[in-house]
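Shown next, in structure tokens, is the structure this report addresses.
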Amino acid sequence: MALPCTKRDRNYCKDATLSQKPEEVKRAEANGLSILRQGDCFFYPVVKPGKGVVKFHRAIDDDLIADEMVISSSGNRLVRGEVTHSEHPTLRLTGWHKAVQNRAIRSGRFAQGNDAD
């Protein structure tokens, strides 16, 4: 059974979500780009990755998996295709999108600088 949700509760949740949105994502949104979100990761469309691609992965973080992901030499994570997570519906990205984690404090192997695939 769901608990009743007051207007104050809804505003608190909205404020909490906004506080976790990185400035980069806010700028992309202000520039008219479509922002998608799955779990703690935001996605916005970018041009095809160019030179400087250094790694190919599927894991975005400990729980988020993409069909295709490249990590550029500058550390940008670009993904396309399906993005899956056990706790969220599958997200389908048409074309390349930049993956940007929210501002929450991280734990797990990616927060510790370890890669996984």
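The values are calculated or read from the model by the stated rules, or taken from the named source; none is laboratory data. Computed from a predicted model, the values in this text were never measured in an experiment. Positions of Cβ are backbone-derived with ideal geometry, glycine not excepted, and every protein chain shown enters the neighbour counts.
Of the numbered conditions (1) touching an Asp or Glu at 6+ places or on another chain (Cβ under 8 Å); (2) modelled with pLDDT of 85 or more; (3) not hydroxyl-bearing (Ser, Thr, Tyr), Trp96 fails exactly one; give the number of that condition.
With (1) touching an Asp or Glu at 6+ places or on another chain (Cβ under 8 Å); (2) modelled with pLDDT of 85 or more; (3) not hydroxyl-bearing (Ser, Thr, Tyr) applied to Trp96, the lone miss is (1).
Which condition number in (1) surrounded by 10 or more Cβ atoms within 10 Å (Cβ to Cβ); (2) modelled with pLDDT of 90 or more; (3) not small (Gly, Ala, Ser) is the one that Asn31 fails?
(1)
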